[in-house]
Structures are given as C-alpha cells and as structure tokens.
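This is the structure, below, for whatever I ask next.
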C-alpha cells in the first residue's frame, strides 16, 4: 500500500463516492477505481462495497482505512516538522520549473550558492502540463511555469505572480532553410523535422502550430544532444525567446533563435511564479527569487 492508495481510500470513505473523491483530488474516477482494485487484489480483501447509491467500507476495509488515516496523519506531522525545521534554519530550497527556465536558474543557483553556502538548493524540471498537479502534491517552495491565467484560476491554494509575456520560437542551425529568416509561420514548418526536449509540453506546441508529431526524429532530455542535432542538420527545436539567448552556441551564431508568427502576431505565452497560498514564501525563497528575476530581466 503506497501513499497515493492510502489517500484515495481515505477520501473515498469520507466522500462515500469515488466521483466526489476524484474531483477533490483532481484525478479521474477511473484512476482512483483502478488503484483501489489493485490494492484490494494485493491485500486479498474487499475494501469497499460499491453500488449505484455509492460506496461503503467493508468490515476489513474499515480496519485498513483506520490504519491509513493514522499513517497519513503521521506523515503530515513529519512533513510539518521538516517544514518548520527548514523555515527556522533557512537551509533548504526546493524549486520546480519548466525546462525553459533551467539554464537561467542554474546560473542563478551558482551565484546564490557562492553567497549563501548554508542554503541547499534542489531544482526539479518537469513537463509544464504536469507542474501544477505535482506542485500540489509535493513540498516545493515555488514553481516557474508557462500557463494561461485561466489554468491558474482553476487551482486551489496557490498564489501566482506574472513575470513575463514571451513568445514561441524555433532554434535552427546554418543548414536549416530558415536560418536567414526574420520569422517563420506554422505553414512554413509543415514538412520540417523536429527534435524535442523530453519535458516539453508537446500538446501545447501542437495546439499552437497544428504540426503532426510524426515529424519528430529525436526526443531527449539531453539539451546538448538536441542543440548538436539542430546545429548539424535541418531539424528545428521549439523553445521560448529567452531560453538559450545567452548561451555560447547562440552568441557565436551557430544556432539562431527565430520567432514563430502568424501575420504580425507572435504566439504569446505568459510565464508565472507560483507558490502555496497557505504557506507563502520563506525569506530564503524571496531572496533567491529576487536575484533570479534580476538575472532574468537582464537576460531578456
């Protein structure tokens, strides 16, 4: 029995409904149902009686649920103690980010570590489409993401601050027919080969460009490999205008970053700082964000 399964059965028992529990946990009813069935099979018991009227715990289920509640409360107390320790000692900072911010964040981290040797920094990179979901589950201090205001307003217990309105671009090498273009349109890219960073938001790019992803020749989380492929072939890489602006491979013009436009209109993207409303930002998080934003604004 893992943490998620414990959380599922406790919420289902409280709501007396798989559907209501799924809504509360922001997952699909089928996902909860399958997970509970798997747990029942592992334990060799039936945890819930299911009917059209709802779900009720079995006798064995009540025992399992009671144990799950105890374990979850213990974990919550442990997390609270750890968080209090972090807040008191200002020694740990856990950041969740979309890939587009990684290079700039790493540069800020190097400088921040040299000035605050007592602070341990952890950077976790994630596909933007999963960031909010995982941010609500894990104990991150803050996240940096591309998103629409509508997407953020749907979420509970988070605060968000707008930090930049950017736009979608492509990176191309000298072998690309687009190298000397001032901009490209989605139609220009219809038969273009793509290389994709593994944690990129494919669906968002596909909605914007209407491209088919059978054009992808390589997917990798090694940015150096993708840049090398762009440099040496006709393939393109989707990114945002600031992602690699100050990297040597761009400054030397081995790779160019070219805007994606439709007529005179850029494909704009909003970027946000996100953090828990209930927890707020620690003093060390505020200091780091302040230094990052100074570096970010200089870079763009």
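The values are calculated or read from the model by the stated rules, or taken from the named source; none is laboratory data. Predicted model only: the values in this text are computed from it and were never measured. Counting neighbours? That spans all protein chains shown, and the Cβs are built from the backbone with ideal geometry, glycine included.
Among the strands (runs of 3 or more DSSP E) lying completely within the stretch 1-108, list those that include at least 3 residues that are within 30 Å of residue 292 (Cβ to Cβ) and in contact (Cβ under 8 Å) with a residue 40 or more places away in the chain.
92-97
If you don't mind, there's one more thing I want to ask. What about residue 190, is it assigned by TED's automatic domain parsing to the domain that holds residue 230, closer than 30 Å to residue 228 by Cβ, without any contact (Cβ under 8 Å) to a residue 40 or more places away in the chain and surrounded by fewer than 20 Cβ atoms within 10 Å (Cβ to Cβ)?
The answer is yes for residue 190.
So residue 227 ticks every box in (1) more than 19 Å from residue 176 (Cβ to Cβ); (2) at pLDDT 90 or above but one. Which box is left unticked?
(1)
Specify the residue that is modelled with the highest pLDDT; the eligible residues are those in the stretch 262-294 that are in a strand (DSSP E or B) and surrounded by fewer than 18 Cβ atoms within 10 Å (Cβ to Cβ).
Ranking the candidates gives 270 first.
Report whether or not residue 268 is assigned by TED's automatic domain parsing to the domain that holds residue 179, in contact (Cβ under 8 Å) with a residue 60 or more places away in the chain and farther than 16 Å from residue 194 by Cβ.
Values: assigned by TED's automatic domain parsing to the domain that holds residue 179: yes; in contact (Cβ under 8 Å) with a residue 60 or more places away in the chain: yes; farther than 16 Å from residue 194 by Cβ: yes.
Yes.
Here are some conditions: (1) more than 28 Å from residue 264 (Cβ to Cβ); (2) touching a residue at least 60 places away in the same chain (Cβ under 8 Å); (3) surrounded by 13 or more Cβ atoms within 10 Å (Cβ to Cβ). Residue 201 meets all but one. Which one does it not meet?
(1)
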